[in-house]
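The values are calculated or read from the model by the stated rules, or taken from the named source; none is laboratory data. All figures in this text were calculated on a predicted structure; none of them were measured in a lab. All Cβ positions, glycine included, derive from the backbone under ideal geometry; neighbour counts span all protein chains shown. Calculation scope for accessible area: heavy atoms of the full protein, side chains included, ligands and nucleic acids excluded. Shrake-Rupley method; radii C 1.70, N 1.55, O 1.52, S 1.80 Å.
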Amino acid sequence: MVTVAGMLVPAGAALHGQTPLHPLDQLSAREHWAIYDALQSSGKLDSTFRLLYEGLKEPVKSEVLAWRPGQPLKREALVHLTQGKFGYEAVVDITGKNVVSWTQLPGKQYMTSGPESRAADALAMKDPRVKEALRKRGVTDFTHVGCSPANNGYFDLPEERNARVLHLSCGDDRNRISGYGESFDGLVIVVDLTNEKVLRVLDVGGARSGLPDGHSPEEIGATRAPVNPVEMVQPKGATYTLNGHEVEWQNWKFHFRMDMRRGLVVSRVRYVDGGKERSVMYQGSLSELFVPYMDAADPWNYQGYFDLGTYPFAFGGIASSLEPGVECPRYATYFHSYVVTEKGAPRERQRTACLFERNTGDVAWRHTRAGGGVNEARPRTDLVLRMYMNAGNYDYLFDWVLQQDGSITVNLGATGMDQVKAASGTPKDNDYGRIIANKLVGVNHSHFFSFRLDMDVDGTQNSLLVDKLQTTTLPKDNPRRSIWTVNTLTAQTEKDGMRMSAMNAPEVWRIVNPAVMNPFGWPVGYEIEGHGAMSLMSPDDYMRKRAGFVDHTLWTTPYAPAELYASGDYPTNSVAGDGLTRWTSANRAIANTDVVTWLTLGFHHVPRPEDWPVMPVAWHSFAIKPVGFFGRSPSIDLPR
Ligand SMILES: [Cu+2]
């Protein structure tokens with residue numbers, strides 16, 4: 001059983017998007033229709049409109065912090081759409097069913113969509129040069145052949161300015177059961193969708209891979225003997241309580257919602273310490289995911305995906321449905337959410353998030369008492385809030401794990417399918433990747449996640465302290481030649497707040513409240529602990545410049561409600577320099593102010609045969625960890 005708004009509901013229950021109770025609640029189905037009504041009655045729409053994104057436009061922080069249960073809610077939505085050949089952004093007052101603002105996007109492009117992909121495919125398949133190139137490859141049945149703009153990219157070439165230019169590659173789904181159909185390498189169709197023409201067809205010939213192996217039961221073949229069931233059960237029901245999307249568990253309190261672009265948005269994270277509610281983080285969520293490929297040939301050199309900025313509509317929202325008992329424990333609580341169709345009708349996505357307690361047999365802490373023989377140890381239980389992201393060929397798993405020791409760990413798992421191309425059978429196959437399956441080369445690439453973490457440690461006015469671990473040489477009379485010492489700097493401006501992960505120059509990044517001292521006389525704080533791979537692209541690589549957030553592991557900016565996406569609001573086919581790069585060029589002051597941190601978590605991927613046909617989950621993580629926030633270990637009071 002789970003306590004929801006004071007009522008007991010069965011474990012494993014799925015909760016529908018309800019009438020909003022909290023200013024940060026996700027949009028309900030009724031609200032999506034109110035947005036539609038407002039847009040229709042505004043007189044702005046014509047019959048060509050296509051919605052790409054609808055999400056809550058949050059009230060500013062001060063309003064949310066001042067809000068108390070029962071008070072009226074300010075409900076606004078942010079809408080992205082296309083109409084005719086242009087992109088638009090609208091803000092809608094949901095309660096008043098009124099369009100507050102309507103802006104055409106000058107020089108900005110927008111998310112991709114199924115209809116756009118089909119329009120590009122139709123243009124390509126109508127071109128006799130494309131059919132000819134396919135025939136040359138021995139294709140005679142075009143029924144299942146399609147060309148898609150899987151290579152969204154932009155280099156600011158004259159032909160790309162002021163037009164929607166897409167680089168298409170083609171494949172054949174004939175005989176496909178799961179996984180990919182056969183793709184035809186060496187064929188690129190450059191399409192100008194704005195002017196509805198094929199700019200050029202590039203055909204350098206190419207080997208054929210045949211149909212890649214898939215992962216349906218029929219294709220996998222015999223399975224091994226199963227393990228005996230290992231089940232987590234919670235016979236007395238959940239310990240957490242729910243009020244709409246507000247959660248309380250083991251001193252933690254927080255709110256969450258699902259957004260079709262950002263996925264899980266975790267807000268108002270507080271810890272009850274000695275009966276007092278203390279703020280830890282105002283909000284945390286994914287802000288962008290950038291995956292650049294490392295193959296120099298067109299169209300592979302166009303492949304740098306901004307998954308959050310480009311694909312949420314095409315994916316039907318980034319969160320996919322979770323299967324009870326497989327993707328979350330059976331006893332978890334499941335949450336539904338809504339996305340919209342291109343014409344603005346809400347569609348329920350079932351079980352896009354789940355919440356559950358987990359005890360994996362680990363301890364929270366242990367020690368053997370003096371003399372040995374007697375152990376003091378405490379079992380550890382975590383609270384997990386989970387989303388699985390569907391990103392085309394890739395899948396990413398995201399767990400926000402709240403711990404009894406006052407930490408939050410975010411685990412992200414990468415799984416799904418590698419991007420592959422047909423092997424040529426020559427040594428060139430090793431230039432940009434490796435052969436990982438029959439006649440298939442897995443192409444090298446990197447994954448860079450940007451998490452926006454608006455820390456509010458014991459209040460909004462915070463600073464970033466950088467503890468630099470440095471070698472200190474010692475005088476001759478000391479038998480040691482050197483030790484390391486900690487040199488702490490307060491970041492004064494955004495430039496100081498740009499930090500790089502380096503194993504040979506380690507740093508601890510603490511967000512502190514300079515006005516609140518812990519019992520030992522230093523400021524209360526939380527550490528952002530996350531170190532990953534950094535970009536190897538050269539600084540003048542245009543693709544890197546479009547994803548400027550990869551330049552630093554940590555960024556720190558003053559809170560600005562409009563700054564949500566690390567590569568800007570519109571990274572699809574974007575001109576370089578938007579997002580963090582642009583905002584921080586002002587080098588704003590960040591000491592003792594309301595700061596937001598942005599963590600880049602990256603990893604490089606050199607594909608291997610074991611990734612095929614579906615990659616085993618590869619985990620990466622970061623943590624938000626108390627440093628001097630508490631006067632002693634917060635988990636010391638766990639019962640035996
Ligand atoms: Cu990868």
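Its Cα centre serving as origin, segment 19-104 has a Cβ charge dipole (Lys and Arg +1, Asp and Glu -1) of approximately 20 debye. Projected over all directions and averaged, the alpha-carbon convex hull of segment 407-465 occupies 7.0 nm². Taking 7 Å steps out from each Cα toward its Cβ at ALA122 and ASN487 produces label points 6.4 nm apart. On the principal axes of its alpha carbon atoms, segment 349-471 extends 65, 52, 47 Å, with the longest extent given first. With N counted as the residues of segment 376-420, its alpha-carbon radius of gyration over 2.2 N^0.38 Å works out to 1.56.
Annotation: segment 19-104 has a Kirkwood hydrodynamic radius of 13.5 angstrom, from the mean reciprocal C-alpha pair distance. Here LYS136 sits with roughly 140 square angstrom of accessible surface, probe radius 1.4 Å. Heavy-atom accessible surface of PHE398, to the nearest 10 Å², is about 10 Å², with a 1.4 Å probe and all protein chains retained. Secondary structure note: in the chain, about 95% of the DSSP beta bridges are antiparallel. Computed extension gain for ARG582 through THR415, at 0.36 nm per residue and net of the alpha carbon distance, reaches 56.9 nm.
Ordered by 1.4 Å accessible area with all protein chains kept, LYS276, LYS108 run largest first as LYS276, LYS108. Ranking ILE528, ILE220 by solvent-accessible area of protein heavy atoms (1.4 Å probe, all protein chains present), from largest to smallest, gives ILE220, ILE528. Between SER216 and ASP477, what FRET efficiency follows from the Cβ-Cβ distance if R0 is 56 Å, with the result rounded to 0.05? Once rounded, the FRET efficiency stands at 0.15.
About the centre of its Cα atoms, the chain shows a dipole size close to 600 debye [charges on the beta carbon of Lys, Arg (+1) and Asp, Glu (-1) only; nearest 20 debye].
Surface listing: TRP555, TRP67 arranged by accessible area from highest to lowest gives TRP67, TRP555, probe 1.4 Å. Working note: Debye formula, equal point scatterers on the alpha-carbon atoms of segment 326-407, no solvent; log10 I(q)/I(0) at q = 0.26 Å⁻¹ is -1.23.
Here each label is just a point 7 Å from Cα along the line to Cβ, and for GLU159 and ARG369 those points are 7.9 nm apart.
Pairs from the list LYS61/LYS468; LYS44/LYS74; LYS343/LYS545 with a Cα-Cα gap above 26 Å: LYS61/LYS468; LYS343/LYS545. Relative to the 2.2 N^0.38 Å rule of thumb, segment 49-206 has a C-alpha radius of gyration ratio of 1.42.
Its Cα gyration tensor gives segment 114-220 an equivalent ellipsoid; the semi-axes, largest first and in whole Å, are 26, 15, 12.
Applying both filters, DSSP loop and at most 12 other Cβ atoms within 10 Å, to the chymotrypsin sites (Phe, Trp or Tyr not before Pro) of segment 493-547 gives PHE520. Over all projection directions, the Cα-based convex hull of the chain averages an area of 34.4 nm². Tell me, how many Å apart are the Cα centres for segment 429-453 and for segment 119-169? If we compute the Cα centre of each part, the gap is 23 Å. Our summary gives segment 19-104 a relative contact order of 31 percent, counting only alpha carbon pairs under 8 angstrom and 6 or more residues apart.
For segment 185-222 versus segment 22-61, the inter-centroid distance based on Cα atoms is 36 Å. Taking the Cα centre of the chain as the origin and placing charges on Cβ (Lys, Arg +1; Asp, Glu -1), which of TYR338, MET543, ASN478 is farthest toward the positive end of the dipole? Farthest along the dipole direction, towards plus: ASN478.
The simple spin-label model puts a point 7 Å past each Cα toward its Cβ; for LEU397 and ALA13 those points are separated by 2.7 nm.
Across all Cα pairs in segment 477-571, the calculated P(r) in 5 Å bins from zero up to the longest distance comes to 2, 9, 15, 19, 18, 14, 9, 7, 4, 2, 1, 0, 0 percent per bin.
Counting only heavy atoms of the protein chains and using a 1.4 Å probe, SER42 has close to 40 Å² of accessible surface.
For segment 205-257, a Kirkwood hydrodynamic radius built from all Cα pairs, placed in the Stokes-Einstein relation at 37 °C and 0.692 mPa s, yields a translational diffusion coefficient of 192 µm²/s. Rolling a 1.4 Å probe over the protein heavy atoms gives the chain an accessible area of 43 Å² per residue.
Taking the protein heavy atoms of the chain in the context of the full set of protein chains, the accessible area attributed to carbon and sulfur is 53 percent at 1.4 Å. At what distance in angstrom do the alpha carbon centres of segment 478-533 and segment 542-579 lie from each other? Going from one Cα centre to the other spans 24 Å.
Would you please calculate the Kirkwood hydrodynamic radius of segment 290-359 over all C-alpha pairs and express it in Å, rounded to one decimal? It would help to have the intermediate numbers written out before the result.
Values: mean 1/r = 0.0682 Å⁻¹.
Averaging 1/r across every pair of different Cα atoms and inverting gives 14.7 Å.
Positive-end ranking of THR553, THR360, GLY263 along the dipole of the chain, with charges on Cβ about the Cα centre, is headed by THR360.
Here segment 114-220 is treated with +1 on each Lys and Arg Cβ and -1 on each Asp and Glu Cβ, and its dipole about the Cα centre works out to around 380 debye. A cut-off under 13 angstrom between Cβ atoms defines the neighbours of GLY631, and their net charge, with Lys, Arg +1 and Asp, Glu -1, is +1. Our summary gives the chain a relative contact order of 14 percent, counting only alpha carbon pairs under 8 angstrom and 6 or more residues apart.
Measuring nothing but how far apart in sequence close Cα pairs (under 8 Å, 6+ apart) lie, relative to its length, segment 114-220 scores a relative contact order of 24 percent.
In segment 416-523, the C-alpha radius of gyration followed by the widest Cα-Cα span (Dmax) gives 23.7, 67 angstrom.
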